[in-house]
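Below is one structure; the comments refer to it alone.
The values are calculated or read from the model by the stated rules, or taken from the named source; none is laboratory data. Everything numeric here is computed off the predicted structure, so don't read it as measured data. Note: ideal-geometry Cβ built from the backbone for every residue, glycine included; neighbour counts use all protein chains shown.
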Amino acid sequence: MLIQIDKLKRRPRQIEIDEQASDFSVLRELIDQGTVVFKDNIRGTMTATWVGKIVEVSGNLRTTITSSCGRCLKPITSHLQIEVLLCYSELAGDEEDVAEEVELHSEDLGLISFSGTEIDLRPDIQQEIIMAIPQQLVCEDACKGLCPNCGIDLNREQCTCAPPVFHAGLAALKNFRLE
Ligand SMILES: [Zn+2]
Ligand SMILES: [Zn+2]
């Protein structure tokens with residue numbers, strides 16, 4: 001996933017991506033923690049173009065993941081379609097001050113700074129995938145979740161645990177309103 005800047009200046013380049021999620025360091029951590037399971041490689045085609053001092057990388061990535069319902073822990077499969085647009089701007093000048101200034105300016109514009117003769121897409125591609133992983137998924141809005149006391153799946157069975165007690169303060173307020 002390396003882009004050679006000199007070559008890119010001559011002509012745009014297509015990059016075919018077909019990578020195992022575990023080849024990305026942070027994704028590997030998520031897999032090891034059991035946060036997410038990748039059912040498929042990360043696949044897609046990116047096009048890199050040199051547009052006057054800026055390297056534009058765009059394309060689509062797709063993969064299939066499984067994560068757990070936030071309430072009942074049932075596995076949920078999500079098909080991710082990730083639209084990627086990354087813009088890299090070259091750091092100019094040798095002086096530290098200049099570099100810092102350019103970097104700040106670049107961040108304002110949503111540009112990623114690079115220096116040297118090549119760009120490694122891997123960390124930024126990884127970032128895009130992480131952002132596309134849905135947070136706080138529930139299997140369905142009506143999911144009743146697990147009983148906090150005995151851990152039974154309340155969607156399938158009912159337990160004999162006492163229902164959660166009303167907060168005394170709230171109960172008092174309710175009574176007050178009824179009167
Ligand atoms: Zn659920
Ligand atoms: Zn219970």
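Values computed for the structure shown
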{"item": "Members of the range 92-112 that are in contact with a helix residue (DSSP H, G or I) (Cβ under 7 Å, 6 or more places away or on another chain) and either at pLDDT below 90 or part of a helix (DSSP H, G or I) (or both)", "result": "ALA92, GLY93"}
{"item": "The range 136-162 - residue that is part of a loop (DSSP other than H, G, I, E, B) and among the charged types (D, E, K, R) and, of those, nearest to ligand 2 (Cβ to nearest atom)", "result": "GLU157"}
{"item": "Options SER22, SER78, SER67, SER58; residue that is outside any strand (DSSP E or B) and of a type in the set (Ser, Thr, Tyr)", "result": "SER22"}
{"item": "Test: residue in the range 39-48 that is assigned to a strand (DSSP E or B), in contact with a Pro (Cβ under 8 Å, 6 or more places away or on another chain) and modelled with pLDDT of 95 or more", "result": "yes"}
